[in-house]
2 protein chains.
Amino acid sequence: MIEVVFLGTGAAAPINERNLSGTAVIRQGEIFLFDCGEGTQMQFRKASLRPGRLRYIFITHLHGDHLFGLPGLLTSLHTAGCHQQVELFGPVGIGEYIRFHQQLCQFALGYTLQIHEISASTPAVLWRSDEYHVEWQPLEHGIFTAGFAFVEADRPGRFDVSRAEQLGVPNGPERGRLQRGESIVLPNGRRVHPEEVLGPPRPGVRIAYCLDTVPCVGVEKLADHADLLIADSTFSAADTEHAHESGHSTAVDAAELARKSGARQLLLTHFSGRLRQEDLPALVAEARTVFPNCSAATDLTRFIVMPREADGAMD
Amino acid sequence: MIEVVFLGTGAAAPINERNLSGTAVIRQGEIFLFDCGEGTQMQFRKASLRPGRLRYIFITHLHGDHLFGLPGLLTSLHTAGCHQQVELFGPVGIGEYIRFHQQLCQFALGYTLQIHEISASTPAVLWRSDEYHVEWQPLEHGIFTAGFAFVEADRPGRFDVSRAEQLGVPNGPERGRLQRGESIVLPNGRRVHPEEVLGPPRPGVRIAYCLDTVPCVGVEKLADHADLLIADSTFSAADTEHAHESGHSTAVDAAELARKSGARQLLLTHFSGRLRQEDLPALVAEARTVFPNCSAATDLTRFIVMPREADGAMD
């Protein structure tokens, strides 16, 4: 189970109900932060997220509304309990941005910050652990912009106890070895392979984070069969031309990207200050004509993302 | 009448009840902003201040909690209605800070930003108009830090109508000329001088803004007979040693500075995250043992500062 917490859902400038871009993905207590607009550290506290659990930060592009909260967040992480290593990913220039602030304002971090700059030649997989990886694709926003996908590794299939009993697998450590994908040999010499007692692999969760951008193939790749697409939805369909001219998408654009890529759920975010909170239901209605499983994110709301097989039920 | 609006009263890192340093002084609709910590543009909106009325920004020093809101505020001022010139004052390095952000994030301001860098050799009066001026003094914080005083020019004394009648001054434009400080000649040849019909000059309001600093002579100069001293009060008296080691003052330090300088009123601000909101009454009580006319500022509170003669009454 993965939790997504929207820290800011506004575009360009904040309004009273919306802070600037920042979205936390929480998996087994680890926090992955996508974008860090001004005020993100305040929203982190308001959402009761523990800064010491922040392990990864991904910055899509070097526009202020996605970036200007980073120096403040990094400065206060240590006193807020962060003593381990933090991995920061962002476009080329992000390293200079951090170093400039450190020199000018004379601050020491108190933890290790590992900076990974992304350029056009950076491989698609940015980071990989045994349990998940993070991919990127270029988006189209007039400035170098990276979209991201957080991808859990598939988990082994469910253990079929009755089949194991039939085969005579003892109720002991042998079952654990089979669950981990190893074959075992029974006392009678029969070799049992994992696939004989395990169901099909259970797919991990895939979450695509795609802002800011006009509709483009990068979003489709990242959102391909995603459990959740978080998408740029700066304007309503009435402002399509202005949206595209300014490097953004409409809610309907986002819905079409979700439909094309076979995503399961769509959350709209990054709303222009022209859109008041009371305008969002109409915006969602526009998007639902194309992709029904769609909602608008609001600041400090939390979404649970379940794996495919667990649709409609807690795991 | 001058209004002071506290946008952020926290030190170093925000807590839920306290944003980072930023204080707006509003005089006849013009806004003077002192410090611009992260989140200042959000607080500006929450306080219903009109960004188009911002004319002057004064940054005390280049620590993040006083500075990191500046790029975001400057970026969004234009769309928020600012089309005139903004004067920015801050320590040497502030210009490089702005230019770095403009280049990296490719933003245009849409208005004229005039940058004035302050160094040890900068004259004490930073800016002067007919109606007010702003002074600075060096403070002691381990990094170059400027304290400020906003000083209204004295206004002419009250016009004494009965004395004017006695002298035979007609009830016409002659009275306006006398009020503006000019002498007039009556039809009978008698010359009337302004001091004959005007009371003593009415002093303008003086507001000193002094953070971050240990107690020092710079605060005393700026707060000299000030109507309001806004002072660094990061810690309670129990933490005096730590306060001074880290370049800060306690509430009692602030009270002693207010007493020594003959200030009329003291507002404490810049509270450490160690101090919860419910700790502030005790902090104020400590300060009141030294200087009774003292309160703690809280985020988004507004204070009216009356000129001396208007004590206890609206002008």
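The values are calculated or read from the model by the stated rules, or taken from the named source; none is laboratory data. Keep in mind that what you see is a predicted model, and the values were worked out from it rather than measured. Don't worry about glycine lacking a Cβ; one is built from the backbone with ideal geometry, like all the others, and counts go over all protein chains shown. The accessibility values were calculated without ligands, DNA or RNA, using every heavy atom of the protein model including side chains. Shrake-Rupley method; radii C 1.70, N 1.55, O 1.52, S 1.80 Å.
Highlighted here would be helices (runs of 4 or more DSSP H) found entirely within segment B:221-315 that include at least 2 residues which are more than 30 Å from B:Arg155 (Cβ to Cβ) and within 15 Å of the chain's Cα centre (by Cα), but there are none.
Of all the criteria given as (1) touching a residue at least 40 places away in the same chain (Cβ under 8 Å); (2) within 11 Å of chain B (Cβ to nearest Cβ); (3) open to solvent by 60 Å² or more (accessible area, probe 1.4 Å), the one not satisfied by A:His66 is (3).
For B:Gly37, the conditions (1) touching a His at 6+ places or on another chain (Cβ under 9 Å); (2) more than 7 Å from chain A (Cβ to nearest Cβ); (3) open to solvent by 10 Å² or more (accessible area, probe 1.4 Å) are fulfilled apart from (3).
Confirm whether A:Ile98 is free of Cβ contacts under 8 Å to residues at least 40 places away in the same chain, within 12 Å of chain B (Cβ to nearest Cβ) and under 23 Å from B:Ala11 (Cβ atoms). Yes: the conditions hold for A:Ile98.
Here's the yes/no breakdown for (1) touching a Leu at 6+ places or on another chain (Cβ under 6 Å); (2) on the phi > 0 side of the Ramachandran plot; (3) at the interface with chain B (Cβ under 8 Å from one of its Cβ atoms):
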| site | (1), (2), (3) |
| --- | --- |
| A:Ile2 | no, no, no |
| A:Val5 | no, no, no |
| A:Gly10 | yes, no, no |
| A:Ile15 | no, no, yes |
| A:Leu20 | no, no, yes |
| A:Ile26 | no, no, no |
| A:Ile31 | yes, no, no |
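Taking segment A:44-61 as the range and being within 12 Å of chain B (Cβ to nearest Cβ) and either farther than 22 Å from B:Leu73 by Cα or open to solvent by 10 Å² or more (accessible area, probe 1.4 Å) (or both) as the test, the residues that pass are A:Arg45, A:Lys46, A:Ala47, A:Ser48, A:Pro51. When the test is whether a residue is out of contact with any strand residue (DSSP E or B) (no Cβ under 7 Å at 6 or more places or on another chain), surrounded by fewer than 17 Cβ atoms within 10 Å (Cβ to Cβ), under 25 Å from A:Val125 (Cβ atoms) and modelled with pLDDT under 95, A:Gln106 does not pass it. B:Phe100 - would you say it is of a type in the set (Phe, Trp, Tyr) and assigned to a helix (DSSP H, G or I)? Against the criterion (of a type in the set (Phe, Trp, Tyr) and assigned to a helix (DSSP H, G or I)), B:Phe100 qualifies.
Somewhere in segment B:97-111, is a residue under 22 Å from the mean Cα position of the chain (by Cα), assigned by TED's automatic domain parsing to the domain that holds B:Ile31 and farther than 23 Å from B:Met1 by Cβ? The answer is no, given that none of the residues of segment B:97-111 is under 22 Å from the mean Cα position of the chain (by Cα), assigned by TED's automatic domain parsing to the domain that holds B:Ile31 and farther than 23 Å from B:Met1 by Cβ. Among the residues of segment A:109-125, the one identified as within 14 Å of chain B (Cβ to nearest Cβ) and open to solvent by 50 Å² or more (accessible area, probe 1.4 Å) is A:Glu117.
Of all residues in segment B:69-86, those satisfying the criterion of being in a loop (DSSP other than H, G, I, E, B) and within 7 Å of chain A (Cβ to nearest Cβ) are B:Gly69, B:Thr79, B:Ala80. A single entry from B:Asp227, B:Asp232, B:Asp239 fulfils the requirement of being in contact with a Leu (Cβ under 8 Å, 6 or more places away or on another chain) and among the acidic types (Asp, Glu): B:Asp232. Any residue at all in segment A:80-96 that is open to solvent by 50 Å² or more (accessible area, probe 1.4 Å) and modelled with pLDDT of 95 or more? Scanning segment A:80-96 turns up at least one residue that is open to solvent by 50 Å² or more (accessible area, probe 1.4 Å) and modelled with pLDDT of 95 or more. Right, A:Glu140: charged (D, E, K, R) and either in contact with a His (Cβ under 8 Å, 6 or more places away or on another chain) or over 18 Å from A:Val219 (Cα atoms) (or both) or not? It is false that A:Glu140 is charged (D, E, K, R) and either in contact with a His (Cβ under 8 Å, 6 or more places away or on another chain) or over 18 Å from A:Val219 (Cα atoms) (or both). Residues that are open to solvent by less than 80 Å² (accessible area, probe 1.4 Å), in contact with a His (Cβ under 7 Å, 6 or more places away or on another chain) and not hydrophobic (A, V, I, L, M, F, W, C) are absent from segment B:159-181 altogether. Taken over segment B:174-193, the criterion of being touching a residue at least 24 places away in the same chain (Cβ under 8 Å) and more than 28 Å from B:Ala149 (Cβ to Cβ) is satisfied by B:Val192 alone.
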